[in-house]
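A short reminder: the numbers here are calculations on the coordinates, not readings from a lab. This one's a predicted model, so the numbers in the text were calculated from it and none came from an experiment. Neighbour counts run over all protein chains shown; Cβ positions are idealised from the backbone, glycine included.
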Amino acid sequence: MSLPQPVRGTHDLLPEDFRRHAHVRNTARDIAARFGYAEMATPIFEFTEVFARTMGETSDVVSKEMYSFEGRSGESMTLRPEYTAGICRSFISNGLQQNVPFKVFANGPMFRYERPQKGRQRQFHQIDIECIGAAEAKADVEVIALGAAILKELGVLDSCSLQLNTLGDRESRQAYRDALVEYFSDFKDKLSEDSLARLHRNPLRILDSKDKGDQALVANAPIFTDYLNDYSTEFFAEVLEGLDMLGIGYELNRRLVRGLDYYTHTAFEFVTTELGSQGAVIAGGRYDGLIEALGGKPTPGIGWAGGIERLALLARDIPEGPRPVAIVPVGAEAEAVALKLAHELRLEGISVEMAFKGNVGKRMKRANKLNARAAILIGEDELVRNACTFRDLDQGTQEEVPLSSLRAALSNLG
RNA sequence: GCGAGUGUAGCUCAGUUGGUUAGAGCGCCUGACUGUGACUCAGGAGGUCGCCGGUUCGAUCCCGGUCACUCGCCCCA
């Protein structure tokens with residue numbers, strides 16, 4: 001087939017796919033609003049350093065997955081690979097430090113140069129929640145509870161588990177990181193190739209290695225909780241207490257490590273087993289150092305991102321679009337009357353379908369295919385009486401209705 | 001970036017141990033029904049068998065490359 005194809009890793013969203021996406025988006029937007037998170041948007045591309053500085057030069061995303069290009073005056077810009085950095089940049093650019101807690105919902109396309117798989121594309125879409133300027137554990141609890149509420153509404157919460165961990169504050173995390181590097185450095189010859197690479201890039205990742213040799217070493221590795229300072233320990237306890245209070249179940253997962261440098265304290269993922277190796281549907285955490293890394297005043301923050309494609313694959317009970325009413329003119333004379341009626345009804349807010357051509361049989365078939373609720377037939381007979389034949393397509397019954405009573409008949413459909 | 005699998009009609013898939021006109025179901029179009037859908041019946045359109053090259057008298061089938069998708073690794077939403 002030499003037909004034009006979309007670029008690898010990108011996909012068209014035909015109306016049916018789009019409806020699923022829209023449902024995820026709309027559900028998230030509605031529930032976010034209940035929690036006090038207003039919708040906003042930032043540009044689809046930013047100066048490259050916005051991402052490089054915040055996500056970490058050594059992270060996979062920054063080191064090999066960004067779509068970067070040069071502007072005309074030579075600055076490097078990048079199609080956003082995630083939303084958090086852009087929103088934090090916006091927070092600083094707009095001087096919003098007086099508006100804290102700054103609670104927002106956002107959604108849109110993201111771009112990462114990765115090997116496509118099911119539930120993983122080069123252009124994909126995320127819903128995103130950020131709560132900037134709140135250092136309290138209550139914010140963590142709220143943000144996680146919001147994620148759970150959205151999953152519940154989408155009908156996927158039951159097939160997900162909430163994985164939870166703490167990375168401690170920067171001090172704790174750095175101390176633990178150093179301890180791990182020191183420990184694993186003694187076993188350089190035994191570590192797998194992957195883990196050897198991780199040793200300097202992201203040693204915490206080694207803990208999650210699937211290599212059996214690595215796992216044996218991990219068994220005796222330093223334990224995170226020994227390196228958490230009092231503040232970090234208490235903070236995490238408070239988060240757990242909050243979740244318990246709300247009846248939100250979770251699993252502690254000490255190996256849950258985020259790939260991006262900016263995370264501190266709470267790290268979490270809602271994970272499903274129904275999507276192959278792409279298990280995370282919502283993932284996020286606290287990023288207390290991020291705003292500072294971007295050049296803003298030290299400001300704490302917490303948030304998460306959810307994959308719309310992944311959620312759309314799992315979501316149940318996608319609502320159908322509004323069911324139209326089909327107007328079917330019979331004969332040239334009725335055509336004009338029907339056209340006018342269709343327009344009037346549409347202006348009144350009623351969804352109306354009227355085919356451009358075809359005999360009655362064809363138009364009825366089309367009405368059926370479009371899932372029309374009713375058909376309004378207008379022919380010469382009806383014209384004389386200023387009426388129409390009103391057919392209920394679900395019941396298969398019909399009756400003649402004066403045009404003056406048409407609105408009443410329509411609102412009786414239920 | 002690494003390893004493996006798949007690629008036949010709009011969709012889901014048969015098939016050919018390499019041989020002349022490549023099939024089914026669904027969908028689409030036309031008609032039976034010149035004013036009635038969802039049911040029935042009868043016809044019809046639609047394929048350079050992903051693309052390029054090689055082997056062969058001959059390739060949709062074998063081989064190589066390439067592209068896309070799927071699965072695993074890496075990583076992530």
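Here A:282, A:92 are placed in order of increasing Cβ neighbour count within 10 Å, fewest first, which gives A:92, A:282.
What number, rounded to the nearest 500 deg cm²/dmol, is the helix-based mean residue ellipticity at 222 nm of chain A, given -39500 (n - 2.57) per DSSP H run of at least four residues and division by all its residues? For chain A, the value works out to -11500 deg cm²/dmol. Take the Kirkwood radius over Cα pairs of the stretch A:111-171, plug it into Stokes-Einstein at 4 °C and 1.567 mPa s, and you get 89 µm²/s for translational diffusion. Partners of residue A:369 within straight-line reach, counting lysines whose Cα lies under 21 Å from its Cα and excluding those fewer than 8 residues away in the same chain: A:357. Among A:354, A:364, a tally of other beta-carbon atoms within 10 Å of each Cβ gives an order, fewest to most, of A:364, A:354. Over 20 Å apart at the Cα level, from the set A:64/A:297; A:103/A:297; A:188/A:212; A:103/A:138; A:190/A:210, are A:64/A:297. A viscosity of 1.306 mPa s and a temperature of 10 °C, combined with the Kirkwood radius over Cα pairs in Stokes-Einstein, give a translational diffusion coefficient for the stretch A:10-78 of 105 µm²/s. 3J(HN,Hα) along the stretch A:325-330, derived from phi through the Karplus expression 6.51 cos²θ - 1.76 cosθ + 1.60 where θ = phi - 60°, amounts to 10, 9, 9, 10, x, 10 Hz, with x in place of Gly and Pro.
Here's the picture: a label point sits 7 Å out from the Cα of residue A:49 along the beta-carbon direction, and within the stretch A:296-315 the residues with their amide nitrogen under 18 Å of it are A:296-298.
Distance from the C-alpha centroid of the stretch A:374-414 to that of the stretch A:70-109: 54 Å, rounded to the whole angstrom. Along each principal axis, taking the top coordinate minus the bottom one, the Cα set of chain A gives 95, 55, 46 Å in descending order. Database remark: amide H of residue A:126 closer than 5 angstrom to the amide H of A:108, A:110, A:308 (H placed geometrically; neighbours at sequence offset of 5 or more, or on other chains; Pro and chain starts carry no H). Across all directions, the average flat footprint of the convex hull enclosing the Cα atoms of the stretch A:325-411 is 5.1 nm². Put simply, when A:38-44, A:268-274 are sorted by average Cβ atoms within 10 angstrom per residue, most first, you get A:268-274, A:38-44.
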